[in-house]
There are 2 protein chains.
Amino acid sequence: MEIPPVVIDRLPLYTRALSTLEEEGRDVVSSQELGTLLGVTPAQIRKDLSYFGRFGKQGRGYNVRKLLDELHHILGLDRQWRMAVIGVGKLGLAILGYEGFGPQGFRIVEAFDADPKRIGQRIENLTIRAANDLEKTLLKNPVDVGIVAVPAGIAQNVIDTLVKCGVRAILSYAPIPARVPPGVYLKRIEPVLALQSMAYYLKNSPRSTAAAARS
Amino acid sequence: MEIPPVVIDRLPLYTRALSTLEEEGRDVVSSQELGTLLGVTPAQIRKDLSYFGRFGKQGRGYNVRKLLDELHHILGLDRQWRMAVIGVGKLGLAILGYEGFGPQGFRIVEAFDADPKRIGQRIENLTIRAANDLEKTLLKNPVDVGIVAVPAGIAQNVIDTLVKCGVRAILSYAPIPARVPPGVYLKRIEPVLALQSMAYYLKNSPRSTAAAARS
């Protein structure tokens, strides 16, 4: 059965909410409460989870630890994924320093840049390699994920090289509608698009009371 | 008429594709071609645009410049939006240095940090202000958008303060399911969630030929 991509995209939100509940010492949670935490209906949660089998008992809610383990297993979060960062400018530096990846099983194991001043530097326990060595390095030491933090003009080229090296998941920070072949997965981080769609609401909806009171 | 949020989220993609076509000197584009560029059906594009009136003539395609102007106007991209960055760590530095905001009309006019070593520093033509002065500063010099780049533990607090100061659009980089009241718009930038949903596909789908050939 083909599971809708929007369902897959919601599962990480479930695991995050369940992790928080677990940290708070909770054993059981209802689909009602989980729905409130996540801003979706309880029916949606039950439907999403039904794609993967039976969880919880009617009227008893979900066992937090068990559901979390199952979701980790379903999402492949019960293992380590190897990642390479391509582009170590300001953005690449922030990505290398980001502490949110490691605890979730995503480990940056290689970093590449084209700037001769950057190449050879040690940053966050990695030695920055030359962008020219990208293909050679990844063919020898494969990674699961490529994080693209290069300028827009060369991003598609970098993505093509990653695909050629067998990388099947790409997280792109470049503001281009990048292309990948079937069987390769691409997610884009696009703050400008997010700002642009919020601008629509700023422009077209009434001001909040706080803002109105101020003016 | 209430326009579905997913439609609003697609409009920035349309403007980006149209900008590229315009740079290439194109005058007219069909919904077919625009659809191919964006990976959506031509019917979807016609339906999305129909929410905002009539564009293009049957069989003649869209006038690139005119549609772009209309979309800029609809999205509120024909004006400047003032933004404040809260948190000037590695991530905040990358945000301050990002060159993609300005050309789209999004201008960072204030930056705040709690670190005494950071406060008072000049970065990208801004003087970093004390986080303690956030409320005072924004009540005097309002901004349209708050960019939250602080650690997860204090992000909700910062968001609450922004809302109190009349900020109605928040771009949050903090890995928490932040809450905002009705009338305030929040978009989250969440690389870990994107990685987690790709991990599902890496784990559950066959390897590409490139990867298979390698192993």
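The values are calculated or read from the model by the stated rules, or taken from the named source; none is laboratory data. These numbers come from a predicted model, not from an experiment. Quick reminder, even Gly has a Cβ in these numbers, built from the backbone with ideal geometry, and neighbours come from all protein chains shown.
Being more than 21 Å from B:S205 (Cα to Cα), more than 8 Å from chain B (Cβ to nearest Cβ), modelled with pLDDT under 90 and in a helix (DSSP H, G or I) is the requirement here; does A:A212 meet it? Spelling it out, A:A212 is indeed more than 21 Å from B:S205 (Cα to Cα), more than 8 Å from chain B (Cβ to nearest Cβ), modelled with pLDDT under 90 and in a helix (DSSP H, G or I).
Screening the range A:1-105 for helices (runs of 4 or more DSSP H) wholly inside it with 1 or more residues that are of a type in the set (D, E, K, R) and assigned by TED's automatic domain parsing to the domain that holds A:R122 returns the ranges A:90-97. From the list B:I154, B:I159, B:I147, B:I119, exactly one residue is under 22 Å from A:Y201 (Cβ atoms) and more than 12 Å from every other protein chain (Cβ to nearest Cβ). Which is it? None of the other options fit; the residue is B:I159. Considering each residue of the range B:106-143, count those that are within 19 Å of A:E190 (Cβ to Cβ) and in contact with a helix residue (DSSP H, G or I) (Cβ under 8 Å, 6 or more places away or on another chain), and give that number. Of the residues in that region, 2 qualify.
Name the single residue, out of those in the range A:37-70 being surrounded by 13 or more Cβ atoms within 10 Å (Cβ to Cβ) and of a type in the set (S, T, N, Q), that is nearest to A:E2 (Cα to Cα). The residue in question is A:Q44.
Looking only at residues in the range B:102-124 that are surrounded by 20 or more Cβ atoms within 10 Å (Cβ to Cβ) and within 17 Å of the chain's Cα centre (by Cα), the one that is modelled with the lowest pLDDT is B:Q104. Here the helices (runs of 4 or more DSSP H) wholly within the range B:125-204 that include at least 2 residues being modelled with pLDDT under 95 and within 30 Å of A:R168 (Cα to Cα) are B:191-204.
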